[in-house]
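See structure below.
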Amino acid sequence: MKRILVTGAVGQIGSELTGKLREKYGTDSVVAVGHRTKPTEKMRNAGPFEFIDICDKDALEKVVVKYNIDTIYHMAAILSVIGEQKPQLAFKVNMIGLYNILEVGLEHKLERIMCPSSIAVFGPKTPKDNTPNETILCPTTMYGVTKVAGELLGDYYFKRFGLDVRGVRYPGIISSETLPGGGTTDYAVAIYYEAIKNKKYTCFVREDTVLPMMYMPDCIKAIIDLAEADISKLKHHCDFNVNSMSFSAGELADSIKKHIPEFTCEYKPDFRQEIADSWPRSLDDSSAREEWGWKPEYDIDSMTEDMIAKLSNKLL
Ligand code: SER
C-alpha cells in the first residue's frame, strides 16, 4: 500500500495534486503538509494534515515515521519572484528543504521522491525555441539556481545511493482552484480572474511575451505518470522537459475575448519582464515522450473554456 506525503500541499499544484492522489490511493494514504500559508477549511478537513517547516529535518522525520511514508511529492518551494525579493529564504527553503527530503528519504529507505523542477533552470544563454532537454543551464534567478542544483542533487542521490528521485521541469501552470504565489507566470492565471470579475486586466509582461504554459490537469498527469513510469526505461531522472502549449500574453487575452468580448487587457511590464525574457518560449520534450509516454491533453482554447466555466462558477 502506498503511503504518500505531499509537501507544499496548500500551494497551487500541491492542493490539487493531494486531491488527485487521494482519489487514486485513498484519503488516509496521502498526508498533506503545509507550513506558512493557511490551509482552507476544506484542505484541513479533507484528510491527514500536518504543519512542518521542511527546513526542520527532525519534524519532517517524525511525520515520515508517524505515517510510515514510502513516497514523497516534494512540492514546497519559493518561486521566481519571491525568490528575487528574498534570495536567502529561497535558498534555504529550496535547497535545505530538498536536502532534508533526500536525507530522510535515504535514512528511511523511501521508495520514491518526486521533486519538480522548472523552466527557470534555463537562462538568457539557452536556445529559446524547442529548447533541448540537455542544454545550457545558466539561470539568472535564485529560484533557477536552486532548481538546477536540485536536479543535480536528485540525480546524484539516484546514482550514488540508488534513491529513486524523479522530476519534470514545469512551465507556467494555469489553474482555477488555488492561486499561484510569487511566480513570473502568475499573470497567466490572474488574467482569467480579472477578466471574469472586472472585464479588464493590467498585465505585468509585454503583449508579445511568449512562455511555455500548462493546464493543471496535464500538470498533475505529468508528475503522476512519471512517478508510475518503469524505472528501467528512464534515462533521465530529475530533469525532464515537458511541453504543453506556448502563447504570448496577447494571444491569451484573445483566447479569453472569444468568451468575454468586452474584456480588455493593458500591458505594463515591470521587473518580472526580465525574468520572463530569460526563459524559453517552447521546449523539446521528446525524452519525456519516449521514456515514459508523456502526452498533454489541453491546448489554449480548451483550457480557456474550462477555466472560464470553473472560475465563473466560483467567482460569480
Ligand atoms: N511558475 C514558476 C515561476 O513563475 C516557473 O516555474 O516562478
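Some observations on this one:
- Accessible area of the chain belonging to carbon and sulfur atoms, whole % at 1.4 Å probe: 51
- Full extension of the chain between K258 and D270 gives 1.6 nm of extra length, using 0.36 nm per residue less the Cα-Cα distance.
- Karplus-based coupling profile of the stretch 62-72, in residue order and whole Hz: 4, 5, 4, 6, 3, 9, 6, 5, 10, 9, 10, with θ = phi - 60° in 6.51 cos²θ - 1.76 cosθ + 1.60 and x standing for Gly or Pro.
- Extension gain (nm, one decimal) between D28 and L152, 0.36 nm per residue minus Cα-Cα: 41.4 nm
- With protein chains left intact and a 1.4 Å probe, residues in the chain average 43 Å² of accessible area per residue.
- ³J(HN,Hα), Karplus 6.51/-1.76/1.60, whole Hz, each residue of the stretch 146-163, x for Gly, Pro: 5, 6, 4, 4, x, 4, 5, 5, x, 4, 5, 5, 5, 5, 7, 10, x, 6
- Three-way shape label, the stretch 185-229, alpha-carbon gyration tensor, a/c 1.5: oblate
- Three-way shape label, the stretch 165-316, alpha-carbon gyration tensor, a/c 1.5: prolate
- Each residue of the stretch 287-297 was assigned a 3J(HN,Hα) from its phi angle through the Karplus curve 6.51 cos²θ - 1.76 cosθ + 1.60 (θ = phi - 60°); the sequence is 4, 5, 5, 6, 7, 9, x, 4, 7, x, 10 Hz, with glycine and proline shown as x.
- Subtracting the Cα-Cα distance of L106 and Q85 from their residue separation scaled by 0.36 nm leaves 4.3 nm.
- Estimated inter-spin distance, T40 and Y193, nm [label 7 Å along Cα→Cβ]: 1.2
- Using the average count of surrounding beta-carbon atoms within 10 Å as a protection proxy, the listed peptides 9-19, 29-39, 124-134, 214-224 rank, highest first, as 9-19, 214-224, 29-39, 124-134.
- 5 angstrom amide H check on L283, placed H, neighbours 5+ away: N130, T131
- Centroid-to-centroid separation of the stretch 185-214 and the stretch 262-316 [C-alpha atoms, Å]: 10
- For I78, the residues whose modelled amide H falls within less than 5 Å of its own, excluding neighbours fewer than 5 places apart on the same chain, are N94.
- For K200, residues with placed amide H under 5 Å, excluding near neighbours: T264
- In degrees, nearest ten, helix 12-25 long axis to first principal axis of the chain (Cα): 50
The values are calculated or read from the model by the stated rules, or taken from the named source; none is laboratory data. Quantities reported herein were computed from a predicted structural model and do not represent experimental measurements. Every residue, glycine as well, gets a Cβ built from its backbone with ideal geometry; the counts of neighbours run over all protein chains shown. The protein model used for the area step is the full one, side chains on, heavy atoms only, and it has no ligands, DNA or RNA in it. Shrake-Rupley method; radii C 1.70, N 1.55, O 1.52, S 1.80 Å.
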